[in-house]
Protein chains: 2
Amino acid sequence: MSDAPALRRVLETALYVEDLAAARAFYVDTLGARVLLDTQRLLALDVSGASVLLLFQRGATSEPLPTPGGVVPPHGASGSQHVAFAIDADALDAWREHLGASGVVIESEVRWPRGGTSLYVRDPAGHSVEFVTPGLWKTY
Amino acid sequence: MSDAPALRRVLETALYVEDLAAARAFYVDTLGARVLLDTQRLLALDVSGASVLLLFQRGATSEPLPTPGGVVPPHGASGSQHVAFAIDADALDAWREHLGASGVVIESEVRWPRGGTSLYVRDPAGHSVEFVTPGLWKTY
């Protein structure tokens, strides 16, 4: 057992994208996330008051960022990342229909041994975005 | 307003690492996350029953993965990603001390205009890991 203080949850998940406008169209207009901050460097989105999804302009975070309260360290990644959103069990059909009506291709659908079903799509940057109903993990 | 069904939260956040054993030592032994799954491809960690942190072996997810319930699409990224963990306001000092006692260097500390303080460290893969108290975002 670790004697670490508690981590409450993952608060911020970061994806790196070339085209922030395309990311906004997908995550805000199509998926319904709410904009917290929209700059040339960063689009910060609220997911149901529980999580913050950060879409960073690729290359814009490669230097330390001085702020009045301290320096934000640099970071930056490339490639096709993965993120999964929790959805309700009874929302699976609605999501399938909503994605289809929005012109988002469902790349794959997976039924998990422990329960839960996942829909996989691609965001405009090519990241693998999953919508999963409860059951996949023991904790959810 | 989007007419999308509800997203409940970000369930899975994925980081790509070269050395899964080093990642396990950091996230499990030092930070106290709980192991859900530990394979050569993937270390899945529970964060307080609220979030799942996925540490993928770099390069091991570049092909579609057939499972009995469907095909998991490929993904994979390189570089230094960012993730933030929510901690309690009164746990900031305890985290500072715990990280120091664990030999983890605090790269930076930031006080945010709206409230909240962040500690930034690096995981063994070089990802920028933040511990943040409530206040940074309007939703938390």
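The values are calculated or read from the model by the stated rules, or taken from the named source; none is laboratory data. None of the values given here were measured: they were computed from a predicted structure. Here the Cβ is made from the backbone with ideal geometry for all residues, glycine too, and neighbour counts use every protein chain on show.
Figures for the structure shown
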| quantity | calculated |
| --- | --- |
| Criterion: without any contact (Cβ under 8 Å) to a residue 12 or more places away in the chain and among the small types (G, A, S) - qualifying residue of B:G126, B:G49 | B:G49 |
| Selection status of B:L37, part of a strand (DSSP E or B), in contact with a strand residue (DSSP E or B) (Cβ under 9 Å, 6 or more places away or on another chain) and under 21 Å from A:H75 (Cα atoms) | no |
| B:F85 within 7 Å of chain A (Cβ to nearest Cβ) and at pLDDT 95 or above | yes |
| Residues satisfying the stated conditions in region A:52-85, i.e. within 24 Å of B:T117 (Cα to Cα) and in a loop (DSSP other than H, G, I, E, B) | A:A60, A:T61, A:S62, A:E63, A:P64, A:P68, A:G69, A:P73, A:P74, A:H75 |
| Residue list for region B:105-140, restricted to those being under 16 Å from the mean Cα position of the chain (by Cα) and either β-branched (V, I, T) or at positive phi (or both) | B:V121, B:G126, B:V129, B:V132, B:T133 |
| Counted residues, region A:100-113 - those being facing chain B (nearest Cβ under 9 Å) and in contact (Cβ under 8 Å) with a residue 24 or more places away in the chain | 2 |
| Filtered residue count, region B:5-43, keeping only those that are touching a residue at least 24 places away in the same chain (Cβ under 8 Å), within 7 Å of chain A (Cβ to nearest Cβ) and of a type in the set (A, V, I, L, M, F, W, C) | 4 |
| Pick from region B:49-78, criterion in contact with a Gly (Cβ under 9 Å, 6 or more places away or on another chain) and within 7 Å of chain A (Cβ to nearest Cβ), ranking: surrounded by the most Cβ atoms within 10 Å (Cβ to Cβ) | B:H75 |
| Residue count, region A:86-137 (criterion: polar (S, T, N, Q) and in a loop (DSSP other than H, G, I, E, B)) | 2 |
| Region B:22-43, residues that are closer than 18 Å to A:Q81 by Cβ, surrounded by 22 or more Cβ atoms within 10 Å (Cβ to Cβ) and not aromatic (F, W, Y) | B:A23, B:L43 |
| All positions within region B:1-21 that are among the aliphatic types (A, V, I, L, M) and crowded, with 16+ Cβ neighbours inside 10 Å | B:A4, B:L7, B:V10, B:L11, B:A14, B:L15, B:V17, B:L20 |
| Region A:131-140, subset at the interface with chain B (Cβ under 7 Å from one of its Cβ atoms) and either touching a strand residue (DSSP E or B) at 6+ places or on another chain (Cβ under 6 Å) or among the polar types (S, T, N, Q) (or both), residue nearest to A:A94 (Cα to Cα) | A:V132 |
| For B:L136: the one exception among (1) closer than 27 Å to B:A77 by Cα; (2) crowded, with 22+ Cβ neighbours inside 10 Å | (1) |
